[in-house]
1. Mind counting the residues in region 374-422 that are in contact (Cβ under 8 Å) with a residue 40 or more places away in the chain and under 29 Å from ARG141 (Cβ atoms)?
2. For the list (1) within 16 Å of ligand 2 (Cβ to nearest atom); (2) buried (at least 21 other Cβ atoms within 10 Å of the Cβ); (3) aliphatic (A, V, I, L, M), I need the number of the one condition that ALA244 fails.
3. Looking at GLY144, GLY153, can you tell me which residue is within 16 Å of ligand 2 (Cβ to nearest atom) and either within 24 Å of VAL365 (Cβ to Cβ) or under 20 Å from the mean Cα position of the chain (by Cα) (or both)?
4. Would you point out which residue out of ALA302, ALA294, ALA265 is within 14 Å of ligand 2 (Cβ to nearest atom) and either under 14 Å from the mean Cα position of the chain (by Cα) or of a type outside the set (Val, Ile, Thr) (or both)?
5. Which members of region 383-392 meet the condition of being surrounded by fewer than 14 Cβ atoms within 10 Å (Cβ to Cβ) and either among the acidic types (Asp, Glu) or at pLDDT 95 or above (or both)?
6. Only one of SER133, SER158 is touching a residue at least 12 places away in the same chain (Cβ under 8 Å), in contact with a helix residue (DSSP H, G or I) (Cβ under 7 Å, 6 or more places away or on another chain) and not in a loop (DSSP other than H, G, I, E, B). Can you tell me which?
7. Which of the residues spanning region 209-244 are outside any loop (DSSP other than H, G, I, E, B) and of a type in the set (D, E, K, R)?
8. Being within 19 Å of MET272 (Cα to Cα) and either hydrophobic (A, V, I, L, M, F, W, C) or within 16 Å of ligand 1 (Cβ to nearest atom) (or both) is the filter here; which residues of region 207-224 pass it?
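The values are calculated or read from the model by the stated rules, or taken from the named source; none is laboratory data. Note that the structure is predicted; figures quoted are calculated from it, not measured. Counting neighbours? That spans all protein chains shown, and the Cβs are built from the backbone with ideal geometry, glycine included.
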Amino acid sequence: MRAYRANILFTPTPQRFEIIEHGFVVVGNDGNVIGTYASLPSEYKTIDVVDFGNQLLMPAMNDLHVHAPQYRNLGIAMDMELLPWLNTYTFPEEAKYKDIKYAERMYRRFVHDLWKLGTMRAAIFATIHPEASCLLADLLREAGMGGMVGLVGMDRNSPNNLSNSVQEAVDGTLRLVEHTASLPLVSAIVTPRFVPSCTPEMLTALGKLANGYRLPVQSHLSENQSEIEWVKELEPKSTCYGDAYRRYGLFGQTPTLMAHCCYTADEELELMRQNHVFAVHCPTSNCNLGSGIAPIRRFMNAGVPVALGSDVSAGSGFSIFRVIHYTLQMSKMKWVAGGHKEAFLSLSEAFWLATKSGGSFFGKVGSFESGYAFDALVVDDSDLNFDNYPIQHRLERYIYLGDDRQLTHRFCQGKEISAPRI
Ligand code: GUN
Ligand code: FE
């Protein structure tokens, strides 16, 4: 057992921050939070206290949608919309992960950069390649970080060098399930790339796999208008894009993440609500590919779960703090475009999306309430806090102005995580 002392902030509810100035978080030997306190209760007087002085202590970031094999394309190739972008830049890069040496070189950097920007858990798309996907899981484990890794299924409208058969996708996913069975914080997730990349046979098999083994699912949904039109042609029996996944058992029958949801209309939203399907908001990606602005307030009002994702490399960076910043800005643009009807998001709501809401996909993660995993960041914002701002403003300044230079310590499940070897 151990206590950490600092300026603590977290969001038990979206509406407001819980702030304890110079407070204590007591963490058990299992890495879970026992409690937060303004002064240390007498029963803990003998335990070790690590004092972080005037620094901020907050839950770590969760990235619920990121493509590890797009690492090399970060910050380039944003001159096209989704479908030509995939064919021109993304598929050729992902095909390189057949080469395990190349995969290791890039995946080490990927894990390092997640760590660097304060993301301790992530839901990750790998590629069709089983060996490289298992290696990615190993690298997360080696780092001490958590997450889910998906071997991607794609068997139509995909280049020959980046296609797998239904059997290969199923076998590869099962290999990843076995491979991660003994890894405490890392697991496998069923990953059909998106409807245009998957035949009905692929979707059927992956739906059976998810339901048979009770595995979670991740994919893309209603990101771009050309994509949505294409799905209507490919799946004419489905009443909407989300219904196409539902018909194959891939829409909330097991815990499900759907990235983007920029053009989700009422019927799809209702399906998501009923089936508890997460809308993973990726605002930096949606700006870069000119995709659209997701109706996050509408999802939240309706009770659809929402999380945040970097969507690297359509998203141009790993920082979920940057994604929070864009979430707030995009929400204001949506508010303007919608005639000022639905309120824009508050700082605490956007922070809650990145921490407790996204973290809930991994279990009790993303808060400092009792029983939650101690996934945490320590921020030395003394360069930004030159005039004694109140704690919430210090966080706000860090979100808008800070980067990895202010992050002094990172914890995942109670363990301090040092820089992963590149
Ligand atoms: N839809 C299918 N694949 C992808 C991808 O790699 N990135 C994004 N942003 N959307 C997709
Ligand atoms: Fe994506």
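1. Residues flagged as in contact (Cβ under 8 Å) with a residue 40 or more places away in the chain and under 29 Å from ARG141 (Cβ atoms) within region 374-422 amount to 24.
2. With (1) within 16 Å of ligand 2 (Cβ to nearest atom); (2) buried (at least 21 other Cβ atoms within 10 Å of the Cβ); (3) aliphatic (A, V, I, L, M) applied to ALA244, the lone miss is (1).
3. When all the criteria are applied, what remains is GLY153.
4. ALA294
5. Selection gives ASP383, PHE386, ASP387, PRO390.
6. Only one candidate passes the filter, namely SER133.
7. Within region 209-244, GLU227, GLU229, LYS232, GLU233, ASP243 meet the criteria.
8. ALA210, LEU215, VAL217, GLN218, SER219, HIS220, LEU221, SER222, GLU223, ASN224
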